[in-house]
Amino acid sequence: MVDTGIDIQDTGGAKREAVREAVNTVAEAVTEAVTEVVKTVMTVSDIKSIDCDRASLTQEAIKDAMNTAAAPAFPAPLMRESCRQDEDLEGECTEVPPEKGQLLSESAADFIDRIKNYMKEQQSDETPNATTVAAEDADDGSALMRLVKIVVEEAAAVLRTVLSWVVPDKMPLQRYDQYLLRDKKMSRASFRSVFNKSHQERLQIDPPGATFDLFLLCLLLEHGTDKLAPSGDEFWVEPGNHLEYQLTALKEFRASVFQGGFVTQKNLTEKAKSAEEILTKILKGAGSISDVEHKVITQKIQEMTENIARAKSDAHVQWSVSSYGEAILSEEKAQLLVFMGSPQLRRSYDNLTCQGLVPVKNINQHLLLEAIFMEVDIAEVTIDGNSKKVDYDDLFNIHSTQQHGTDRPASSQAVLLEGPSGFGKTTLSKKLMLDWSKKANVPRGLDNFALLIHVDCRNPHIKSFSELLKSLMPGARKMFTDDDVVQCLRDIKTLVLVDSLDDLNMSSLQIVREVITAAKSMRNMTVWVLSSPEAAEDFHKTVLSDLSASRLSIMGVPKDRRGELAVRLYKELVQHDCDSQESGGLEAFINATPRLLEEYWRCPLNLVLAASLWVASPESVKSLRSAIDLLVQTDKLCQRDLLEILKETPSTRHFGVSELEDKMKVVFFWLCNEALFAIKRNGRSLAEESVKRLEHACHSVALPSGVVISNFLTKETFLTASGEQSVYSFTHKRLQEFYAAVAILNRLSEKENDVDLTKVLFDLQTVLSSHNISTVRAQEVLRHAHSVLSETSENRKKGLFGKINTVFSSPRETAIVTILREGSHHPPTLPIWRFQNVFAILLSFVSLLGEDIRQDTARELVLLLERTGLRDKESWLDVLMNAGCDPHVAREMARCIPDVLDLDGKITVRDSRVPAYAVLLKYARPSRVKVNISSDPEVIPSCLDLLMSLSQHPCEVQLLLKHDFLHPKVISNVYNVTLHHVFQW
């Protein structure tokens, strides 16, 4: 979904220049590294010749070093050595750095071959100054490869023997995948989660397991026998001589070999001895639990010892170097990425919190996920349109649908999780990240992912998937090229969480495209996409069409746990000052909420706002009538607290209360406009120019910008290619949409011959900013303008103010689309679905507009809301309820969307929808109406109006009054008369 209406600033020139500088820096470091590598493998005379002529370093050598730096076997020492020799080699390398396309064109084995061949050539030359170096002290480049041979060949041979001992019931020609699935009854879901694509293919083509590598053999031992502890058991990491721990030690030893760099003759013996000790313990442990004869175990240990001794002493390494080099560059590099990247990812996810939404004094603004998280109702939407509940523990065990147009599963799994704004999508993604990092109480299957990558679609600073991977795993920045770090994921079971899809910008759109492209070719990647329903529909049909995709929907907080969640939130907000009586009162209020409001508490955001408001004023919560009231009360609380802060701030405490309130109105006007501007840019964070405008607004009325801005916004940190960057953001998208709706309302409320003082100042400040007027000078101009306009505001006449309105703002537009297009570079392509919640909030403000534009505005908003893709009847009824069942809104809904509301068919009315249908039925022509009321009709608002509306329709009416049936009583005369009219037909 391409959004060409986003205002993107072109900063490519500066970034390209930064890239050039980075390339030059890398070239220098690489040349230094090559010099040190050559010096370590050459004789003394050769070193002297290099010292005399470093210009002999060729571009081929640079390319080889780049390959070596990217390969897992040789990274750390090269980087350390290059840093040590900065002074010695500074300024002496004049070679041109290789282009990006040349990277990884040769393998690490080619590099070692080149070094060894060069050494042979040097040894054949008769050099007068040659010096003989003891073999045990020389590093001829083959010591590492001999150690690799021990790990790759000898260790694998031992594990094949062990596997035959612990799984004696497997038939010789039986494939291991058949053995696991049929004989061991391993589920296919578990099988796919344990063994990646390459492993599955190897299991199918090699029944005896002769070509199985060490990693695959370890997986078979961990999951294919009952003689060892279950996978994930603490026995695998508890030190001791038992087989489970020794297998873990072998894997760690293998990883240390491939990331430890060059091996000298001195430490080859030591490392080989370590490998021999581990393998001996593995053979003894496996023989013991499998009742293998002592003689057989001793024989196998003797064979292993002799093979290791032979490999250790083989100076010529008579085996295929290139084959082992390729293994290093593929599977070993992937394992290195996991070894380095997984701990870095887990550390970054360990301290995730949820941002508090209301700046109430003395409350906690960073809520611990583990303290407040509660499972919400989640339903899986099946192909036939039905739904079934999915528990949090089973999120990764749902069944994928088939690819569109095929009968086979897709190459990767995708899950589209949709839910309205405020229903906890981001909180759920954070909980998954936190569970994965801590490895405790995780949903089944989550711990099978070696890497978890979080894609924040709100982040405009990361330009590609490879750049994101390197930013999340900084250790990979120096070790892998851009292409290489993505390709490594082919052999790594990876979960990618794409959060806030409806906040896509041009940068994150590119990342999502690359993620989906990678997922289509990688069976080991699972992609979760979290989105609002309006943004999810097209994405599911187009982008996910080639993947086996499941669709989940967040239904909200379970009814019987809403009070509990509210109390959790309250306690976490106030922490040590928690009053059990107050928290109990909040729980009682939520649980006893009238049916008219109880549906609002399905939304976790509403419970967060209610708990925050309860801290400051329980009465403000008790007076709520709709979800929009929550936002209004939240804004009032923000402004009230800001006023209290300004009254105590030294620079503003000399102002009177009314004067401070006037100044705050000016800033609030700016804030609302910037909220709208940010939504046009498809972002929740403010652009730099927006922050400057807000600062100018504060300075123009002599308010401290830092205090004011931080009262409404929060500082949020985004990853960048070079680190992190902090920006101002709205605490939640829902609050931003509320402010944006207020901005549009202000425009709609302008009178033709009048002008809004704050609007004039806003436009004036925009002009000053666009012409790069200095901050100091701009403040002087704005203060003077504010003073002049304030003095003459009592004498508003067409003359002066008509001219100002013409100069600084366009004529008043009642058309909302025209207001939205103002300032957009591509007005015709402005994605209207992005404003769905803004339009819904605006409908609740229709009653505040003048009578002359109220009906026209209601009609335009209903038509716009329909164009955003709102198709669900219940969602439309929520909109009407939040609008206070305004008759203008109800009339336009009945005119514009009668089919959606089913006003000409069969209508069922329940307690919470009584007020909505009380006004809608005035414009409906139903064939049958069923009123099913569980509560006392006399306490349900508008129940009498509903009955009066029914009396006007000659249709079938079924009236079920359950409360009155269970608790008979004498009804009032008014109800008696009304019911008589209903049934007189």
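Some observations on this one:
- Taking the criterion of being open to solvent by 30 Å² or more (accessible area, probe 1.4 Å), touching a strand residue (DSSP E or B) at 6+ places or on another chain (Cβ under 9 Å) and either of a type in the set (G, A, S) or closer than 14 Å to L671 by Cβ (or both), the residues of region 682-722 that qualify are R684, S710.
- Any chance S787 is loosely packed, with under 13 Cβ neighbours inside 10 Å, out of contact with any Asp or Glu (no Cβ under 6 Å at 6 or more places or on another chain), more than 29 Å from L842 (Cβ to Cβ) and modelled with pLDDT under 70: yes
- Of all residues making up region 721-744, the number that are assigned to a strand (DSSP E or B) and either within 16 Å of S710 (Cα to Cα) or not charged (D, E, K, R) (or both): 7
- The residues of region 449-486 that are surrounded by fewer than 18 Cβ atoms within 10 Å (Cβ to Cβ) and either touching a Gly at 6+ places or on another chain (Cβ under 7 Å) or not in a loop (DSSP other than H, G, I, E, B) (or both), listed by number, are P474, G475, D482, D483.
- Near pairs, Cβ below 8 angstrom, 6+ apart or cross-chain, from region 429-457 (more than 20 Å from F195 (Cα to Cα)) to any residue that is of a type in the set (G, A, S) and not in a helix (DSSP H, G or I): D456/S500; C457/S500
A quick yes/no check of all residues on (1) closer than 17 Å to T731 by Cβ; (2) assigned to a loop (DSSP other than H, G, I, E, B); (3) assigned by the TED database to the domain that holds R458:
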position	(1), (2), (3)
L642	yes, no, no
L646	no, no, no
F655	no, yes, no
V666	no, no, no
F677	no, no, no
S690	yes, no, no
R693	no, no, no
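- Among residues that are of a type outside the set (D, E), open to solvent by 20 Å² or more (accessible area, probe 1.4 Å) and within 27 Å of V376 (Cα to Cα), P594 is included.
- Residue check for V909: open to solvent by less than 30 Å² (accessible area, probe 1.4 Å), free of Cβ contacts under 8 Å to residues at least 40 places away in the same chain and not in a helix (DSSP H, G or I): yes
- Of the strands (runs of 3 or more DSSP E) lying entirely inside region 315-391, the ones with 3 or more residues being modelled with pLDDT of 70 or more and farther than 22 Å from K733 by Cβ are found at 377-381, 387-390.
- Among the candidates L504, L489, residue that is open to solvent by 10 Å² or more (accessible area, probe 1.4 Å) and at pLDDT below 90: L504
- Under the condition of being polar (S, T, N, Q) and either within 19 Å of V879 (Cα to Cα) or not in a helix (DSSP H, G or I) (or both), the residues counted in region 578-630 number 5.
- Some residue of region 249-264 being under 17 Å from L163 (Cβ atoms), in the same structural domain as L173 (by the TED database) and of a type outside the set (K, R): yes
- A search for C-beta distances below 6 Å between a residue of region 590-617 that is within 22 Å of P941 (Cα to Cα) and any residue that is assigned to a loop (DSSP other than H, G, I, E, B) and aliphatic (A, V, I, L, M), counting only pairs 6+ apart in sequence or on different chains, returns R602/V557.
- S612 falls short of the stated requirement of being polar (S, T, N, Q) and open to solvent by 30 Å² or more (accessible area, probe 1.4 Å).
- Members of region 547-562 found to be farther than 30 Å from V515 by Cβ and surrounded by fewer than 20 Cβ atoms within 10 Å (Cβ to Cβ), listed by number: P558, K559, D560, R561
- Summed over region 644-681, residues that are polar (S, T, N, Q) and open to solvent by less than 50 Å² (accessible area, probe 1.4 Å) total 3.
- Residue ID - most open to solvent (accessible area, probe 1.4 Å), chosen from residues in region 623-643 that are in contact (Cβ under 8 Å) with a residue 40 or more places away in the chain and not aliphatic (A, V, I, L, M): R625
- Looking across region 854-867, just one residue is of a type in the set (S, T, N, Q) and crowded, with 19+ Cβ neighbours inside 10 Å, and that is T857.
The values are calculated or read from the model by the stated rules, or taken from the named source; none is laboratory data. Remember, predicted model here, so these are calculated numbers, not experimental data. Positions of Cβ are backbone-derived with ideal geometry, glycine not excepted, and every protein chain shown enters the neighbour counts. Keep in mind that these areas ignore ligands, DNA and RNA; they rest on the heavy atoms of the full protein, side chains included. Shrake-Rupley method; radii C 1.70, N 1.55, O 1.52, S 1.80 Å.
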